[in-house]
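K.L.:
Here it is: the structure, laid out below.
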Amino acid sequence: NDVEIAPKKAYVSVRRKKQFAIIQPSTKTRIDIGIKFKEKETTERLEDSGSFNSMISHRVRVNSKKDVDKELMTWLKEAYSNAG
């Protein structure tokens, strides 16, 4: 396994050779998953990261376990592949 999980002060960095995702608690009831893509269209769910974190390009808000679904896992796998 070549994924490195690195806790930071405000979030957890997920790296391969390069960082491809972050996990950040944003409110008491929500975590945000930041994902780094070179170029990818935003959607209602796959938002532009804005000022969330300059190291990533997109953000997905996770309010419950059901939000960790096949679509989110596909995005994370794609970002992982790009970080190799």
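The values are calculated or read from the model by the stated rules, or taken from the named source; none is laboratory data. Computed from a predicted model, the values in this text were never measured in an experiment. Cβ sites come from the backbone with ideal geometry, for glycine too, and all protein chains shown count toward neighbours. Accessible surface areas use protein heavy atoms only, side chains included; no ligands, DNA or RNA. Shrake-Rupley method; radii C 1.70, N 1.55, O 1.52, S 1.80 Å.
K.L.:
With the structure loaded, tell me whether residue 34 is assigned to a loop (DSSP other than H, G, I, E, B) and either open to solvent by 70 Å² or more (accessible area, probe 1.4 Å) or on the phi < 0 side of the Ramachandran plot (or both) or whether it fails that test.
P.N.:
No: the conditions fail for residue 34.
K.L.:
So, of the residues in the range 38-49 that are over 14 Å from residue 73 (Cα atoms) and assigned to a loop (DSSP other than H, G, I, E, B), which turns out to be least open to solvent (accessible area, probe 1.4 Å)?
P.N.:
The residue in question is 49.
K.L.:
For residue 52, only one of the following conditions fails: (1) among the hydrophobic types (A, V, I, L, M, F, W, C); (2) within 20 Å of residue 81 (Cβ to Cβ); (3) open to solvent by less than 60 Å² (accessible area, probe 1.4 Å). What is its number?
P.N.:
Among (1) among the hydrophobic types (A, V, I, L, M, F, W, C); (2) within 20 Å of residue 81 (Cβ to Cβ); (3) open to solvent by less than 60 Å² (accessible area, probe 1.4 Å), the lone unmet condition for residue 52 is (2).
K.L.:
Among the residues that make up the range 66-74, is at least one of them touching a residue at least 24 places away in the same chain (Cβ under 8 Å), surrounded by 10 or more Cβ atoms within 10 Å (Cβ to Cβ) and either in contact with a Phe, Trp or Tyr (Cβ under 8 Å, 6 or more places away or on another chain) or in a loop (DSSP other than H, G, I, E, B) (or both)?
P.N.:
no
K.L.:
So how many residues does the range 50-65 have that are under 22 Å from residue 16 (Cα atoms) and either of a type in the set (Gly, Ala, Ser) or part of a loop (DSSP other than H, G, I, E, B) (or both)?
P.N.:
Of the residues in that region, 6 qualify.
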